[in-house]
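Nothing in this text is a laboratory measurement; each read-out follows from the coordinates by a stated rule. All values derive from a computational prediction rather than experimental measurement. Neighbour counts run over all protein chains shown; Cβ positions are idealised from the backbone, glycine included.
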Amino acid sequence: MLKAATATAPPYLIDGLMHERSVNLAVGDSGIGKTPLLVSMAVSVASRTPFLGSEVKQGRVLYCDAEMGGYDMSQLLERVN
């Protein structure tokens with residue numbers, strides 16, 4: 001049953017990088033740029049613009065950040081947009 005269910009690869013949301021309908025987690029040292037990278041990725045998906053040269057399918061985005069407040073997030077969105 002598992003083999004049949006996984007016989008074909010799921011479609012990509014970001015070509016070669018992230019599959020549709022997937023849950024993704026970024027882990028790394030503080031200050032290395034995870035948040036700006038992932039916010040840029042989220043904006044690309046929401047607006048269907050290429051991400052680092054890769055094709056993107058447009059979709060809804062839920063971005064959760066346990067550390068950044070609303071003001072800082074709005075400032076970051078202005079910078080990556």
Please rank 3, 57, fewest neighbouring Cβ atoms within 10 Å first, as an exposure proxy. 3, 57
Calculated FRET efficiency, residue 46 and residue 19, Cβ-Cβ r, R0 30 Å, to nearest 0.05? 0.95
Can you pull the one-decimal nm distance between simple spin-label points at residue 2 and residue 74, each 7 Å off the Cα toward Cβ? 4.8
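For 6, 35, 49, which order do you get if you count the other beta carbons within 10 Å of each Cβ and list the fewest first?
Ordered by Cβ neighbours within 10 Å, fewest first: 6, 49, 35.
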Place a +1 charge on the Cβ of each Lys and Arg in region 2-80 and a -1 charge on the Cβ of each Asp and Glu, then give the dipole magnitude about the Cα centre in debye, rounded to the nearest 20. 360
Summing +1 for each Lys or Arg and -1 for each Asp or Glu, what net charge is found among the other residues whose Cβ lies under 14 Å from the Cβ of residue 13? +1
Mind putting together the pair-distance distribution for the chain? All Cα pairs, 5 Å bins, whole percent per bin, short to long. 3, 13, 22, 22, 17, 12, 6, 3, 2, 0
So what's the angle, to the nearest 10 degrees on a 0 to 90 scale, between helix 70-80 and the longest Cα principal axis of the chain? 70
Among residues other than residue 35 whose Cβ falls under 13 Å from its Cβ, what is the net charge (Lys/Arg +1, Asp/Glu -1)? -2
Angle between the chain longest axis and helix 34-47 axis [Cα atoms, degrees, rounded to 10]: 70
If amide H atoms are built 1.01 Å from N in the plane of the peptide, which residues on other chains or at least 5 residues away come under 5 Å of the amide H of residue 18? 13
